[in-house]
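All remarks here apply to the structure that follows.
Where a number appears in this text, it was derived from the coordinates with a stated rule and is not lab data. Just so it is clear, the model here is predicted, and its values are computed rather than measured. Every residue, glycine among them, receives a Cβ derived from its backbone with ideal geometry; neighbour counts consider all protein chains shown.
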Amino acid sequence: MMKNTKAVSTTLLVLIVIIIIVAVVIGIAASIGSEPTVTSDVTVYIDTVQQTGNYTQPQTLEWGNVIAGNVYTKNFTVTNTGAQNLTLMLLTTEPLGTIQTWAYNNSLLAPNTYAQGSLTLTLSTSPSTGAYTWRLLATNNTAAQPTPTPTQTAETPTEKQFTLKLDPNYGMGIKNITVQINTDKFTIMPTDFDLGNTPTYSFMSGDTLSFKANAQDGYIFDSWMLNETIPKSSNPLIMQNQQENVTLTARFFLVTEEV
């Protein structure tokens, strides 16, 4: 009996086609919803502190004491230490009522260059209980073709100054003012304002400044006047990543008792 070689060839061809189709489907399914290949050829700094650990896993981010309605920033720097172009994707988690954004998210970073920009936290309401976290995916998958990030030049910190004043109409009642520059804390006394003195101190651009006004008995702190024109009621007043000279005028009110 002769074999039907045509039928055998047809069956084999069908099987080959089915195998190819299955392989393509499996490949497509595997690519959908999966994260691109991630490289470890990056270093990350937040402000001046180098971060450690597996960046593809959630990393806790401390913003300190934050107040609704304010905007806070941290300098977030990523350096490509490898030999390939990398696409940067910063993923953040934050409590309700807050938003974290980074200017260089989804940007292309060439080898031996870095992206340096502010990681900004915006609070529209008092933050709910929850952790602030970030994850960084640095991948050589350039299919998205993001706009290339220009090489960033690190800014050298420069010396700045802040000046404290007392409102001539509402300056009585000061007990002292506690000042903190990053982790250094000191106290300014009422005598420092004698004879019209305006205490002036130096700091470096990018520093975090904190001012806490304390009133004598019978008085209450009312507000700060920032640069002579902008009222600020926060006390302490925290100014993160301060880049310019600043003048703060403290205002106190006498507490009147109703008869």
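Given H placed on each backbone N at 1.01 Å, which residues far from Lys160 in sequence or on other chains put an amide H within less than 5 Å of it?
Amide H to amide H, under 5 Å and 5 or more residues apart or across chains, Lys160 pairs with Phe203, Met204, Ser205.
Would you kindly calculate the translational diffusion coefficient of the stretch 42-139, applying Stokes-Einstein with the Kirkwood radius from alpha carbon pairs, for 20 °C and a viscosity of 1.002 mPa s, and quote it in µm² s⁻¹ without decimals?
Working: Rh = 13.9 Å.
Estimated via Stokes-Einstein, D reaches 154 µm²/s.
Hey, with R₀ at 41 Å, roughly what FRET efficiency would Asp192 and Thr93 work out to, going by the Cβ-Cβ distance, to 0.05?
0.40
Using a 7 Å offset from the Cα along the Cα-to-Cβ direction at both Thr178 and Asn70, what is the distance between the two label points in nm, to one decimal?
Label-label distance for Thr178 and Asn70, simple model: 1.5 nm.
With θ set to phi - 60°, apply the Karplus curve 6.51 cos²θ - 1.76 cosθ + 1.60 along the stretch 58-74 and write out the HN-Hα couplings as whole Hz, x wherever there is a Gly or Pro.
x, 10, 5, 10, 9, 9, x, 7, 10, 10, 4, x, 9, 10, 10, 9, 10
Pairs Lys74/Lys212; Lys74/Lys185; Lys185/Lys212; Lys165/Lys212: which are spaced more than 18 Å apart, C-alpha to C-alpha?
Lys74/Lys212; Lys74/Lys185
Calculate the dipole size of the stretch 159-254 relative to its Cα centre from +1 charges on Lys and Arg beta carbons and -1 charges on Asp and Glu beta carbons; express the result in debye to the nearest 20.
180 debye
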